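Heads up: the structure comes next, in structure tokens.
Where a number appears in this text, it was derived from the coordinates with a stated rule and is not lab data. The structure displayed is predicted, hence computed values, not measured ones. A quick note on method: Cβ atoms are made from the backbone with ideal geometry, for glycine too, and the neighbour counts reach across all protein chains shown.
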Amino acid sequence: MGYSQHQSFYLRDRWISKAIKSVEVNNSFFFEKDAFEKMGLGKNMVQSLKHWIVATKIYEEVRDNNQKYHQITSLGNFINEKDRAIKYFNTAGLLHHSLATNRDISTTWYWFFNVYTETSFSREDVLSELTNWVQKHEKRVVSENSLKRDIDCLIKLYTSGGSAADPEEVILSPLYKLNLLEERSGVIYKKEAKMDESNLLLVGYALLKYMQGRNLNSVSIDDLVHKEELIGKLFNMKRSSIVNLISTWTEHAEFPAVFTRTNNLDTLRLPEVSPEEFIYYEHEGKGRKNL
């Protein structure tokens, strides 16, 4: 599992676009000694960005004999084609989904959104709980300083936007627009993502990706709310919000889901479509009958 590989720099606006442009020209760009000079960022910032493009699953790091390079993923291709500046909520949500389901590389993110159940806490509280969890699940020793850097970076990633006294001094994070965290007077609050049918691209991708990895085609609403790597956990969503959102999927023009409600178990059966095909279709605005 991975900790504090971000050099204490949270992902910044325009960084993904800079990375894609550079790797398009040279897929070994981030392994070159002068990469920071070419990109115009500090050396540690470039190392941080090298981490973020893999943690968000935009690129995979490939080792071929003595050569290392980055290979773009299907998600990376979609983001490159449609919104590599990460201007829109859905794109930011796709990056968040990648981080929060990437247990091996962004372990603290996985723990925070999938395992940690508190909805209001101090930095000290969350650090203490993370430390206890790591001690139980890691064979190696992970320093408290590494975990503290992770917590600080995570909070900044979701709160660096418009809350400072002088907004001009804030370096924006592309994930701020998700509004998943808020910090007030030393207390951090988890907040529910506000989503509607315009976010079916994001929700559909998350659920189809989950099902694809487990060879499933249906999921209970209870699991959607409470199970790790599903939207209740990942986006701090309540049951009623989830039900309202997935109900819109049943009206999809091409890939409708089937929502079955019974006294004992409410179930969602997903359409037979890949996550990638679904998001391209949704991006073109073809999915909903009222468009």
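In the frame of its principal axes, region 108-204 has Cα extents of 42, 37, 20 Å, reported largest first. Given their separation in residues at 0.36 nm each and the Cα-Cα distance between them, residue 121 and residue 240 gain 40.4 nm when the chain is fully extended.
What is the helix-to-structure angle for 200-214, meaning the angle in degrees between its Cα long axis and the longest Cα principal axis of the chain, kept from 0 to 90 and rounded to the nearest 10? It works out to around 90 degrees. When only alpha carbons of region 1-150 are considered, Rg and Dmax amount to 16.2, 48 Å. Dimensions of region 197-283 from C-alpha coordinates, computed as largest minus smallest value along each principal axis and given longest first, are 33, 25, 24 Å. As an exercise, use a Förster radius of 45 Å and the Cβ-Cβ distance of residue 185 and residue 139 to find the FRET efficiency, rounded to the nearest 0.05. Plugging the Cβ-Cβ distance into 1/(1 + (r/R0)^6) gives 0.70. Available extension along the chain between residue 67 and residue 212 is 49.1 nm, counting 0.36 nm per residue and deducting the alpha carbon span. Scaled against 2.2 N^0.38 Å for its residue count N, the alpha carbon radius of gyration of the chain is 1.02.
Is the shape of region 7-93 rounded, prolate or oblate, going by the alpha carbon gyration tensor and its root eigenvalues a ≥ b ≥ c, with a/c under 1.5 for rounded and a/b larger than b/c for prolate? Taking the square roots of the gyration eigenvalues as a ≥ b ≥ c, region 7-93 is oblate. If R0 is 35 Å, what FRET efficiency do you get for residue 223 and residue 253 from their C-beta distance, rounded to 0.05? For residue 223 and residue 253, the calculated efficiency is 0.85.
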